[in-house]
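Note sheet for the following structure.
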Amino acid sequence: MTPVVVLVGPPGSGKTTIGTLLAERLGVAFRDTDADVERAAGRTVAEIFTEDGEPVFRDMEERAVATALVEHDGVLALGGGAVLSAETRRRLAGHRVAFLSVGLAEGVRRTGLSTARPLLAGVNPRATFRTLLEARLPLYREVATVEVDTDGREPAEVAESVLAGL
Ligand code: S3P
């Protein structure tokens, strides 16, 4: 089995919204590796970050992505930082991968100060988000087979662009 499409992109790029919409359009299931990690751990992502730290979360995430890539044949969304793993980037080769991009202002606006996103819950979410975007942009582009800008666009329009790029 292989996912119809894998969605990557920073927090606030709309992976869950667009992924759910795409799955509906295609008549397939939607799966999200953050939810897989939470189910396996019996804790939220935020709890794992607080109690065990980011490296432990990244290991769990890497395993969840590896499993989902072979188990799931629908739409698969990865957590925003999943591409930080070289192993995950290697595993994504040969898959259809859509990079949902978002600009700084819109990304900050969409994510707000949600404590559900531990990496963005600090004192200066805008600066954190900028650093995160700069560091990850090349990694998203490395794995993507199509890049779709989500800034100022309706989910339905973004979903159409992803489908057109598959
Ligand atoms: C993270 C993004 C989150 C989640 C975790 C870390 C990141 O997923 O995996 O909080 O490093 O960008 P979303 O991209 O779905 O918010």
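Here, each number is a calculation from the coordinates, and none is a lab measurement. Here the structure is a predicted model, which means the values were calculated and not measured. All Cβ positions, glycine included, derive from the backbone under ideal geometry; neighbour counts span all protein chains shown.
Taking the residues in the stretch 11-35 that are more than 15 Å from Asp73 (Cα to Cα) and more than 9 Å from the ligand (Cβ to nearest atom) as candidates, determine which candidate is surrounded by the most Cβ atoms within 10 Å (Cβ to Cβ).
Checking each candidate, the answer is Ile18.
Yes/no per residue for (1) under 17 Å from Arg91 (Cβ atoms); (2) in contact with a helix residue (DSSP H, G or I) (Cβ under 9 Å, 6 or more places away or on another chain); (3) part of a loop (DSSP other than H, G, I, E, B):
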residue: Thr2; (1), (2), (3): yes, yes, yes
residue: Pro10; (1), (2), (3): no, yes, yes
residue: Ser13; (1), (2), (3): no, yes, yes
residue: Ile18; (1), (2), (3): no, yes, no
residue: Val28; (1), (2), (3): no, yes, yes
residue: Asp36; (1), (2), (3): yes, yes, no
residue: Arg43; (1), (2), (3): no, yes, yes
residue: Glu47; (1), (2), (3): no, yes, no
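Can you pull out the residues in the stretch 82-93 that are surrounded by fewer than 20 Cβ atoms within 10 Å (Cβ to Cβ) and in contact (Cβ under 8 Å) with a residue 24 or more places away in the chain?
Residues satisfying the conditions are Leu84, Ser85, Glu87, Arg89, Arg91, Ala93.
I'd like to verify a number: residues in the stretch 36-53 that are surrounded by 15 or more Cβ atoms within 10 Å (Cβ to Cβ), free of Cβ contacts under 8 Å to residues at least 60 places away in the same chain and over 23 Å from Val70 (Cα atoms), how many?
Here the count works out to 2.
Look at Phe49 and say whether it is within 13 Å of the ligand (Cβ to nearest atom), of a type in the set (Phe, Trp, Tyr) and in contact with a strand residue (DSSP E or B) (Cβ under 9 Å, 6 or more places away or on another chain).
no
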